[in-house]
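Novice: Can you keep this structure in mind? I'll have questions shortly.
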Amino acid sequence: GVPFKLEPQKETTLQVAYTPAAAGPDAGTLELTTNAEGTQKTVSIALTGNGVTPDLEVCTPENSQCNDDGKVQLALDFGQVALGQSTPAKQVTVKNEGQYALSVKDAVVLACPWDKPDCGFVDMVAPSEPEFVLDPVSISGSFAPAEQKTINITYTPLGGGGNRSALRVTSDDP
């Protein structure tokens, strides 16, 4: 601890900070030892806290699936669509299931480059002419606990063949 001297009839305020390392309850003790009135005496103060985190959940209401912690692979099938025609919108919800504010940095559609039509997620890029369009275009910002926003996605194919794309939501969810 840090020793300090307190003059008779004076008082001081001690600042105690709590920075949780993980989610869940924590406990500790602050001990103050004094030599007041010529004897050594220790006063213990119990300290408790609860570490909380945001928790991003993405759902596709159409097929009642949610992807929390990457356990479920979500998919939306827009079916066969004539070139240049747009589909009705399909919805994706983004929700904070945690106990602390969630910061969403962005939600973007990524697609395989034209020269790699069957690429994996790591090779996907933001297309210059997106065939999948988000409305609203941005959902970035702070989500309070239990707050959710809906993204409407439409598909307008510009070329023939299948289109492999993904929706990437970036947040501070650990």
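The values are calculated or read from the model by the stated rules, or taken from the named source; none is laboratory data. Because the structure is a prediction, the values reported are computed rather than measured. All Cβ positions, glycine included, derive from the backbone under ideal geometry; neighbour counts span all protein chains shown. The accessibility values were calculated without ligands, DNA or RNA, using every heavy atom of the protein model including side chains. Shrake-Rupley method; radii C 1.70, N 1.55, O 1.52, S 1.80 Å.
Novice: Given a cut-off of under 8 Å on Cα pairs at least six residues apart, what relative contact order in percent is computed for the chain? Mind showing how you got there, number by number?
Specialist: Values: 320 pairs, mean separation 39.5, N = 174.
Value for the chain: 23 percent.
Novice: Taking volume of the Cα convex hull per residue in Å³ straight from the coordinates, which label in (i) 234; (ii) 109; (iii) 169 is the correct one?
Specialist: (iii)
Novice: Under 5 Å between amide H atoms, partner at least 5 residues away or on a different chain: which partners does I139 have, H built in plane at 1.01 Å?
Specialist: A107
Novice: How large is the charge dipole for region 1-132, taken about the Cα centre, if only the Cβ atoms of Lys, Arg (+1) and Asp, Glu (-1) carry charge, to the nearest 20 debye?
Specialist: Details: 8 positive and 18 negative charges, 106 e Å.
It works out to roughly 520 debye.
Novice: Another question, then. Using only Cα atoms, locate the centre of region 69-115 and the centre of region 134-149, then give the distance between them in Å, rounded to an integer.
Specialist: About 13 Å separates the Cα centre of region 69-115 from the one of region 134-149.
Novice: Still on this structure, I have one more. Would you mind getting the accessible area per residue of the chain, heavy atoms of the protein chains only, 1.4 Å probe, in Å²?
Specialist: 69
Novice: OK, next. Using θ = phi - 60° and the Karplus form 6.51 cos²θ - 1.76 cosθ + 1.60, what ³J(HN,Hα) does each residue of region 143-155 get, whole Hz, x for Gly and Pro?
Specialist: 10, 5, x, 6, 6, 9, 10, 10, 10, 9, 10, 10, 10
Novice: Still on this structure, please answer the following. Can you run phi through the Karplus equation (6.51, -1.76, 1.60; θ = phi - 60°) for region 79-86 and list ³J(HN,Hα) in whole Hz, with x for Gly and Pro?
Specialist: x, 7, 9, 5, 3, x, 8, 9
Novice: Pick out which of L74, L32, L14 has the largest mean-square fluctuation in a Gaussian network model of the chain, springs linking Cα atoms closer than 10 Å.
Specialist: Largest GNM mean-square fluctuation: L14.
Novice: Further question on the same structure: State whether region 98-154 is rounded, prolate or oblate according to the following rule on the C-alpha gyration tensor (a ≥ b ≥ c being the square roots of its eigenvalues): a/c under 1.5 gives rounded; otherwise a/b larger than b/c gives prolate, and the remaining case gives oblate.
Specialist: Details: a/c = 3.33, a/b = 2.10, b/c = 1.59.
It comes out prolate by the Cα gyration axes.
Novice: Based on the mean of other beta carbon atoms within 10 Å per residue, what is the order of 77-83, 168-174, most packed first?
Specialist: On the way: 77-83: 10.1, 168-174: 14.9.
Ranked from most to least packed, the peptides come out as 168-174, 77-83.
Novice: Which of the peptides 132-145, 52-65 is most tightly packed, and how do the rest follow, judged by the mean count of other Cβ atoms within 10 Å per residue? List each step's numbers first, then the result.
Specialist: Numbers: 132-145: 14.2, 52-65: 15.9.
The packing order, highest mean first, is 52-65, 132-145.
Novice: What is the distance in Å between the Cα centres of region 6-57 and region 155-174?
Specialist: Taking the Cα centre of region 155-174 as reference, the centre of region 6-57 is 49 Å away.
Novice: Can you work out ³J(HN,Hα) from phi for every residue in region 8-18, in order, using Karplus 6.51 cos²θ - 1.76 cosθ + 1.60 and θ = phi - 60°, giving whole Hz and x for Gly and Pro?
Specialist: Result, ordered by residue: x, 6, 10, 9, 9, 10, 9, 9, 10, 10, 10 Hz.
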